[in-house]
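First the structure, in the form of structure tokens, and then the observations on it.
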Amino acid sequence: MHRTIQSIRTNGCSPGLVLNPATPLDVLDWVIEDIDLILIMSVNPGFGGQSFIDSTLRKIEAVRKRIDASGKDIRLEIDGGVKADNIRRIAAAGADAFVAGSAIFGAPGSNREGYAAVIAKMRGEVAAACG
């Protein structure tokens, strides 16, 4: 993992690390100083439309603490089951970037206006979580 991260940086890109739901956080102990992004999967990867795994909130909180303790500007992104009705809790747990697919593109009246309405609601929920 470390060699791959170094190769990514050497080639002028920003390295990140993806943690699946069952991946332990101790992998971060060895690479957190070298990465710019941590993506936490809040569903088991494979297909869209899955429900958010609620225990991921504890993982987000724990990773946010590790990021803050590192003193680095590392983005904490969440992917999977992110919707308008849970994004506030996800943001409050410490996430600062969100991937939403089905919540937007599966919205009623799936068109540009419908997408914009869902995105606006999600942004409002994030703003409310951030105070």
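Read-outs throughout are calculated quantities, based only on the coordinates presented, and are distinct from any laboratory measurement. Just so it is clear, the model here is predicted, and its values are computed rather than measured. Backbone-built Cβ (ideal geometry, glycine too); neighbour counts: all protein chains shown.
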Set of aspartates and glutamates near Lys121 by C-alpha distance (under 15 Å), chain-local residues within fewer than 8 positions excluded:
Asp85, Glu113
With a ≥ b ≥ c taken as the square roots of the eigenvalues of the C-alpha gyration tensor of segment 2-129, please select rounded if a/c is under 1.5 and otherwise prolate if a/b is larger than b/c or oblate if it is not?
prolate
Enter the angle in degrees (range 0 to 90, nearest 10) between the Cα long axis of helix 112-129 and the first principal axis of the Cα atoms of the chain, meaning the one along which they spread out most.
60 degrees
Which value in nm describes the separation of the simple spin-label points at Leu37 and Ala128, placed 7 Å from the Cα toward the beta carbon?
2.8 nm
